[in-house]
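The values are calculated or read from the model by the stated rules, or taken from the named source; none is laboratory data. Fair warning: this is a prediction, and the values are worked out from it, not measured in the lab. Note: ideal-geometry Cβ built from the backbone for every residue, glycine included; neighbour counts use all protein chains shown. Ligands, DNA and RNA are stripped out before the accessible areas are found, and what is left, the full protein with its side chains, is counted by its heavy atoms. Shrake-Rupley method; radii C 1.70, N 1.55, O 1.52, S 1.80 Å.
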Amino acid sequence: LAGIGTEWLLLALWALARAAGTVVLVLIVASLVALGLAPGIRRLEHLMPRGLAIVTVYIGGFAVLVAIGFLLASPVATQITNFQHNLPQITRSANRDLVNFQDFLNKHGVSVHITKQGQTALDTLQKTLVKRSGDIVSFSRGLLSSLVTIGFDLVLILVLSIYMLIYGRQIGELVRRVMPA
């Protein structure tokens with residue numbers, strides 16, 4: 001009989017967690033962030049007040065993330081831009097190579113005609129890639145709106161994890177008083 005009650009309680013908690021969805025996820029992530037940063041904050045507490053240690057750890061973490069973003073963004077953007085600008089030249093070069101290969105085949109008595117089909121395929125590839133550039137732009141817009149939503153969630157995680165780091169001891173004491181071992 002007690003097992004049935006526990007199962008219903010677990011089922012109810014699971015249903016509540018599913019209904020709360022994002023809120024529960026934000027709380028879990030904020031808790032994990034607070035737990036992950038706590039050791040570094042404790043080390044810095046020996047040198048400065050706890051509040052300043054929390055701010056220092058967060059600013060350091062954000063500085064590392066921004067640096068990584070800048071280091072990765074520039075080369076990727078440069079490569080995409082270079083490829084987009086060089087695509088017509090690459091297509092012309094490939095068409096020239098196909099014509100040369102066709103001439104080689106003709107001189108050696110091989111009666112395979114690949115020039116026309118190859119040129120058509122390369123032209124189609126170029127048109128498709130240029131058209132896909134527009135798809136990348138619309139994907140970027142959708143990504144931007146998703147990033148805004150994610151940004152809002154990250155702000156919530158930041159605020160909640162800071163509160164957990166500041167008031168963690170008081171929360172722990174309260175929980176121990178309410179739920180004795």
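On the accessible surface of segment 1-115, probed at 1.4 Å, how many percent belong to carbon and sulfur atoms?
Working: 6310 of 8660 Å².
So the carbon and sulfur contribution to the accessible surface is 73 percent.
Between Asp103 and Val148, what is the spin-label point distance in nm, taking each point 7 Å from the Cα along the Cα→C-beta axis?
The answer from the label model is 5.7 nm.
For Leu98, what accessible surface area do you get with a 1.4 Å probe? Give it in Å², rounded to 10.
It works out to around 40 Å².
Given points 7 Å out from each Cα along the Cα-Cβ axis, report the Ser74 to Arg169 separation in nanometres with one decimal.
4.4 nm
Multiply the residue separation of Leu156 and Gln89 by 0.36 nm, subtract the distance between their alpha-carbon atoms, and state the gained length in nm to one decimal. Spell out each step's value before the answer.
Working: separation 67, 0.36 × 67 = 24.12 nm, distance 4.86 nm.
Once the chain is fully extended between Leu156 and Gln89, it gains 19.3 nm.
Please compute the length gained on full extension between Ala63 and Asn82, using 0.36 nm multiplied by the number of residues separating them and subtracting their Cα-Cα distance.
3.9 nm
Kindly state, to the nearest 0.05, the FRET efficiency for Val55 paired with Glu7, given R0 = 35 Å and r defined as their beta-carbon distance.
Rounded to the nearest 0.05, the efficiency is 0.15.
Using the alpha-carbon centroid of each, what span in Å lies between segment 10-49 and segment 143-181?
Rounded to whole Å, the Cα centres lie 5 Å apart.
Using a 1.4 angstrom probe, figure out how much accessible area segment 14-110 has per residue, in square angstrom, rounded to the nearest whole. Write out the running numbers ahead of the final one.
Numbers: 7030 Å² over 97 residues.
That works out to 73 Å² for each residue.
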